[in-house]
Amino acid sequence: MEETNIIEKAMIANGIRDIANNLGYFNARPVESIYLCKSCGMPAVRNTSTGRPCAKDLCFHCNHWNITVEGLLGPITEKDSPYRVLAPISDGYELVSFQAKIFRNDSDEYLGHGGRLFRFKMPWGTVVESNNVWSGGYVPNRFHEQLKHRMVEAIANNFSVPLVGTK
């Protein structure tokens, strides 16, 4: 019973929205297959085939972001294309990829964020526009410091009107 209390406390402390479903998931596993992530403290389940935790005793989520951050250690430059940056989108920072140009949407190709126009101020001062911005997901706050060299400023982004059929 004590193990369930630890899991429940960890989930509540970390703001998991659907605690009942998550507790059901973890309660269906043998207690010895559950461990706490060394980075975020969330419960995780050992690999069912090997019986080992994820790399470095991290949960899947933290392992994903560690690998992603390690791949983005160098500073962004003007010659990078597409850009992979940390940008304030909606209510948090997302890892986004984009090329600094406006794409036509008169084919069957999909444009990221529905073809909405984004403007970003790059670290070297240039403002770039794109209507093909792809999200890599919200970056947890604990990784922002490691990615600060890739942060850009969002300028008057238009989240509601797709920029479609432009030349």
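Regarding segment 8-15, can at least one residue be identified that is of a type in the set (Gly, Ala, Ser), open to solvent by 70 Å² or more (accessible area, probe 1.4 Å) and modelled with pLDDT of 60 or more? Scanning segment 8-15, I find no residue that is of a type in the set (Gly, Ala, Ser), open to solvent by 70 Å² or more (accessible area, probe 1.4 Å) and modelled with pLDDT of 60 or more, so the answer is no. For segment 78-115, filtering for residues that are in a strand (DSSP E or B), open to solvent by 40 Å² or more (accessible area, probe 1.4 Å) and modelled with pLDDT of 85 or more leaves 1. Quick test of your reading of the structure: residue 124 fulfils all but one of (1) under 30 Å from residue 39 (Cβ atoms); (2) out of contact with any strand residue (DSSP E or B) (no Cβ under 8 Å at 6 or more places or on another chain); (3) open to solvent by 20 Å² or more (accessible area, probe 1.4 Å); (4) not basic (Lys, Arg). Name the failing condition by number. It fails just one condition, (1).
The values are calculated or read from the model by the stated rules, or taken from the named source; none is laboratory data. Keep in mind that this is a model prediction, so the values were computed, not measured. Cβ atoms come from the backbone with ideal geometry, glycine included; neighbour counts cover every protein chain shown. With ligands, DNA and RNA removed, areas are computed over all heavy atoms of the protein, side chains included. Shrake-Rupley method; radii C 1.70, N 1.55, O 1.52, S 1.80 Å.
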